[in-house]
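**Student:** Dropping the structure in here first, questions after.
The values are calculated or read from the model by the stated rules, or taken from the named source; none is laboratory data. Bear in mind the structure is a predicted one, so any value in this text is a computation, not a measurement. All Cβ positions, even for glycine, are placed from backbone atoms using ideal geometry, and neighbour counts span all protein chains on display. The accessibility values were calculated without ligands, DNA or RNA, using every heavy atom of the protein model including side chains. Shrake-Rupley method; radii C 1.70, N 1.55, O 1.52, S 1.80 Å.
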Amino acid sequence: MYQLFIGNKNYSSWSLRPWLLATQLDIPFEEELVPFDEGGSWEKFRKFSPTGLVPCLVDGDITVWDSLAIAEYLYESFPQVWPQDRQARAWARSAAAEMHSGFSALRNQCSMNCGVTVALREVDAALQKNLDRVEELWLQGLTRFGGPYLAGASFTAVDAFFAPVAIRLRGYQLSLGEEAMAYCERLLALPGMQSWVADALRETWRESVHDAELEMFGTIVEDRRA
């Protein structure tokens, strides 16, 4: 059985993506949660991940150490990871890759934290540009392929890659248009997302660097963590 190494559920957006993908598609795996250490976890994570980062999938003597690579590796055995339709699959891969490599303002100004609500001091031009592009992508996928998911009727990897965005939209009280926010709510209502967030709220680990990022751009108005 696959072993999926992840970081703290409260903080690790990268870990959420393959975890949610496998969970929603009923792909069996063993969860190996390794908490972040104060000041860095590189040496500890290097015991299972060549980059010292999470997520990392281990399948016997095969190690896959990147979220997008994990999705592609799972696709080889589970074709439902990506849409069956060739055009939808090409679009979904492109959108997931764009999320994987871009949206730096959204990542930097709205760091992943499942258990807090934050009032941002401002939505600057860079963050607004990222939000506009998220909405553009979401509406493009929903319109072109008919929804309710980004590439059609079924949840696929592209939805998993945007799942942390849904958590950020809620946590930082950000708003898109009606149709995009309806999709956001569908992501948040997924059983896998509900389970991930519930586990995150029960975590007692704290990592000062992650928490300090919240204070750089806003003020915590609610903290629901244990």
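**Student:** Taking the alpha-carbon centroid of each part, what is the distance from the range 158-212 to the range 100-123 in angstrom?
**Tutor:** When both Cα centres are located, 11 Å separates them.
**Student:** Related question: How many percent of DSSP beta bridges within the range 1-154 run antiparallel, rounded to 5?
**Tutor:** About 60 percent, rounded to the nearest 5.
**Student:** Can you pull the percent of the chain's accessible area that's carbon plus sulfur, 1.4 Å probe, other chains left in place?
**Tutor:** Here carbon and sulfur together make up 51 percent of the probe-accessible area.
**Student:** Another one. Cross-link partners among lysines for LYS9, C-alpha distance below 18 Å, same-chain residues fewer than 8 apart left out?
**Tutor:** Counting by Cα, and skipping residues close in sequence, LYS9 has these lysines nearby: LYS44.
**Student:** How would the range 43-92 be classified by its alpha-carbon gyration tensor: rounded, prolate or oblate, with rounded meaning a/c under 1.5 and the a/b versus b/c comparison settling the rest?
**Tutor:** prolate
**Student:** For the chain, modelled as a Gaussian network with Cα springs under 10 Å, which listed residue fluctuates most, ARG86, ARG170, ARG107?
**Tutor:** ARG86
**Student:** Please list the non-local residues whose amide H lies under 5 Å from the amide H of GLY218, H modeled 1.01 Å from N, same-chain partners needing a gap of 5 or more.
**Tutor:** Result for GLY218 returns ARG121.
**Student:** First check a/c for the range 7-160, with a ≥ b ≥ c the square roots of the eigenvalues of its C-alpha gyration tensor; if it is under 1.5, answer rounded, and if not, answer prolate when a/b is larger than b/c or oblate otherwise.
**Tutor:** Taking the square roots of the gyration eigenvalues as a ≥ b ≥ c, the range 7-160 is oblate.
**Student:** Take each complete run of DSSP H in the chain, measure how far its Cα atoms stretch along the helix's own axis, and keep only those covering 27 Å or more with mean Kyte-Doolittle hydropathy at least -0.5; list them.
**Tutor:** 125-145
**Student:** Please compute the per residue accessible area over the chain with all protein chains in place, 1.4 Å probe, rounded to a whole number of Å².
**Tutor:** Ligands and nucleic acids excluded, the result is 45 Å² per residue.
**Student:** Assuming a ≥ b ≥ c are the square roots of the Cα gyration tensor eigenvalues, decide whether the range 21-75 counts as rounded (a/c under 1.5), prolate (otherwise, with a/b larger than b/c) or oblate.
**Tutor:** Prolate is the answer for the range 21-75, as a/c is 1.5 or above and a/b outweighs b/c.
**Student:** Same structure, new question: GNM, the chain, Cα, under 10 Å: largest mean-square fluctuation among GLU215, GLU43, GLU178?
**Tutor:** GLU178
**Student:** Still on this structure, I have one more. Name the most mobile residue of GLU207, GLU76, GLU179, meaning the one with the largest mean-square fluctuation, in a Gaussian network model of the chain with Cα contacts below 10 Å.
**Tutor:** Greatest mean-square fluctuation among the candidates belongs to GLU76.
**Student:** Then there is this: Could you work out [θ]222 nm for the chain from helices alone, using -39500 (n - 2.57) per DSSP H run of at least four and dividing by all its residues? Round to the nearest 500 deg cm²/dmol.
**Tutor:** -16500 deg cm²/dmol
**Student:** Give me the distance between the Cα centres of the range 124-155 and the range 1-42, rounded to whole Å.
**Tutor:** Cα centroid of the range 124-155 versus Cα centroid of the range 1-42: 25 Å apart.
**Student:** Can you give me the three principal axis dimensions of the range 1-47 from its C-alpha atoms, in Å, biggest first?
**Tutor:** In descending order, the Cα extents are 35, 21, 10 Å.
**Student:** Follow-up. So, in nm, how far is label GLU179 from label THR117 when the simple model puts each one 7 Å beyond its Cα toward the Cβ?
**Tutor:** 2.9
**Student:** Between ARG144 and ALA226, with labels modelled 7 Å along Cα→Cβ, what's the label distance in nm to one decimal, could you check?
**Tutor:** Between ARG144 and ALA226, the label points sit 4.3 nm apart.
**Student:** If MET216, MET99 are ordered by their accessible area, calculated over protein heavy atoms with a 1.4 Å probe, which sequence runs from highest to lowest?
**Tutor:** Heavy-atom accessible area, descending, gives MET216, MET99.
**Student:** Note down the accessible area of SER208, probe 1.4 Å, to the nearest 10 Å².
**Tutor:** Surface open to solvent at SER208 totals about 60 Å².
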